[in-house]
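Engineer: Submitted below is the structure of interest, expressed as structure tokens.
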Amino acid sequence: MADLLAMVVDSDYWFSLLNTTSTDLYKQMQDKSARKSRPEMADFIDRRFDVDVEAEILDWIEEHDIMDEDDSVLLTASKRLVSGGNIEDIASGMWLLAEWASLGTWRCMEGRGYLYLEPYSGESINQVGQLYEQRIWDAAIKSITTMSKQQYSEAVVVDWMGRRELLGETLNEKNDPRILSTMQSHQRHAESLHGLAELIAEGDTILLTRRDWSSYLNAGFGGFKIRKLLTSNIGGGK
């Protein structure tokens, strides 16, 4: 089963990276000077190490010849599409730069996403694709932030227990030794999602949702997707 990814991105910094000339970006990643500008990681969600993301950005620039003395990274990438570049490979670089500009990524097994989002979205989630829709997240974030971290975490666990009972599953630890570890996992995920909701509610960041192993082109929210970011710049000026 795939994982649901929700990455919290400093949008101003991300777009500044996209508008940096590709040669300058390459230098900043190579000499590690970009680390001084990378947002501070949130302590309740995960983020990959600087050195790992730097290496992948450098590889992406070299592999797809994203090098131009004058044009921005975004415009150069869009030009590579016009000249026949693989759109998925080029979109992966947009995601990498968003990851560099992120505070971290919340991740859960896709099936568990219903538990954390559906009761707080104001509607039934009948298809997995709804877990990646803006209205679901907007409603859930608004609802989650009306509760304390502990209240939300407890509500998630109580809901999980109720769902198990309806399915006739045991809640007795003696009969299922995984009960306690699963409950603790739900608590951790709920607490970290509560922190993410508070970050997004502050309005200084954007959320990029994506199904793990799926197309980078579909990463985004509502009317914004990485696909739109790339294709809207095709044929544009500097």
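The values are calculated or read from the model by the stated rules, or taken from the named source; none is laboratory data. Please read all numbers here as calculations on a predicted model, not as lab measurements. For neighbour counting, all protein chains shown are included, and Cβ atoms are generated from backbone atoms with ideal geometry for every residue, glycine included.
Engineer: Out of (1) within 26 Å of residue 16 (Cα to Cα); (2) crowded, with 16+ Cβ neighbours inside 10 Å, the odd one out for residue 82 is which?
Structural biologist: (2)
Engineer: Run down 198, 191, 154, 169 and say which single residue is at pLDDT 95 or above, farther than 25 Å from residue 102 by Cα and of a type in the set (D, E, K, R).
Structural biologist: Within the list 198, 191, 154, 169, the selection yields 154.
Engineer: Take the residues of segment 137-172 that are of a type in the set (Lys, Arg) and touching a residue at least 12 places away in the same chain (Cβ under 8 Å): which is surrounded by the fewest Cβ atoms within 10 Å (Cβ to Cβ)? Quick ask: steps written out before the conclusion?
Structural biologist: Here is the first cut: in segment 137-172, the residues of a type in the set (Lys, Arg) are 142, 149, 163-164.
Those still in the list that are touching a residue at least 12 places away in the same chain (Cβ under 8 Å) too: 142, 149, 163.
Details: 142: 15, 149: 18, 163: 12.
Among residues in segment 137-172 that are of a type in the set (Lys, Arg) and touching a residue at least 12 places away in the same chain (Cβ under 8 Å), the one surrounded by the fewest Cβ atoms within 10 Å (Cβ to Cβ) is 163.
Engineer: Another question, if that's okay. Right, residue 138: among the acidic types (Asp, Glu), in a helix (DSSP H, G or I) and under 24 Å from residue 206 (Cβ atoms) or not?
Structural biologist: On the way: among the acidic types (Asp, Glu): yes; in a helix (DSSP H, G or I): yes; under 24 Å from residue 206 (Cβ atoms): yes.
Against the criterion (among the acidic types (Asp, Glu), in a helix (DSSP H, G or I) and under 24 Å from residue 206 (Cβ atoms)), residue 138 qualifies.
Engineer: The conditions are (1) at pLDDT below 90; (2) under 20 Å from residue 73 (Cβ atoms); (3) of a type outside the set (S, T, N, Q), and residue 217 fails exactly one of them. Which is it?
Structural biologist: Residue 217 satisfies every listed condition except (1).
Engineer: State all residues of segment 173-197 that are surrounded by 15 or more Cβ atoms within 10 Å (Cβ to Cβ) and either charged (D, E, K, R) or at positive phi (or both); if no residue qualifies, say none.
Structural biologist: 191 - this is the single residue of segment 173-197 that is surrounded by 15 or more Cβ atoms within 10 Å (Cβ to Cβ) and either charged (D, E, K, R) or at positive phi (or both).
Engineer: For segment 220-227, check the following and say yes or no: at least one residue is modelled with pLDDT of 85 or more and surrounded by fewer than 17 Cβ atoms within 10 Å (Cβ to Cβ).
Structural biologist: No, that holds for no residue.
Engineer: Hey, another quick one. If you go through segment 71-119 one residue at a time, how many are closer than 30 Å to residue 152 by Cβ and either in contact (Cβ under 8 Å) with a residue 40 or more places away in the chain or touching a Phe, Trp or Tyr at 6+ places or on another chain (Cβ under 8 Å) (or both)?
Structural biologist: So the answer is 21.
Engineer: Under the condition of being of a type in the set (Gly, Ala, Ser) and modelled with pLDDT of 95 or more, which residue from segment 20-35 is surrounded by the fewest Cβ atoms within 10 Å (Cβ to Cβ)?
Structural biologist: Per the stated criteria, the residue is 33.
Engineer: If you don't mind, there's one more thing I want to ask. Could you check segment 62-95 and list, in sequence order, the residues that are of a type in the set (Val, Ile, Thr), out of contact with any Leu (no Cβ under 7 Å at 6 or more places or on another chain) and not in a loop (DSSP other than H, G, I, E, B)?
Structural biologist: 76, 82
Engineer: Taking segment 1-19 only, how many residues are among the small types (Gly, Ala, Ser) and at pLDDT 95 or above?
Structural biologist: Summing the residues that are among the small types (Gly, Ala, Ser) and at pLDDT 95 or above in segment 1-19 gives 2.
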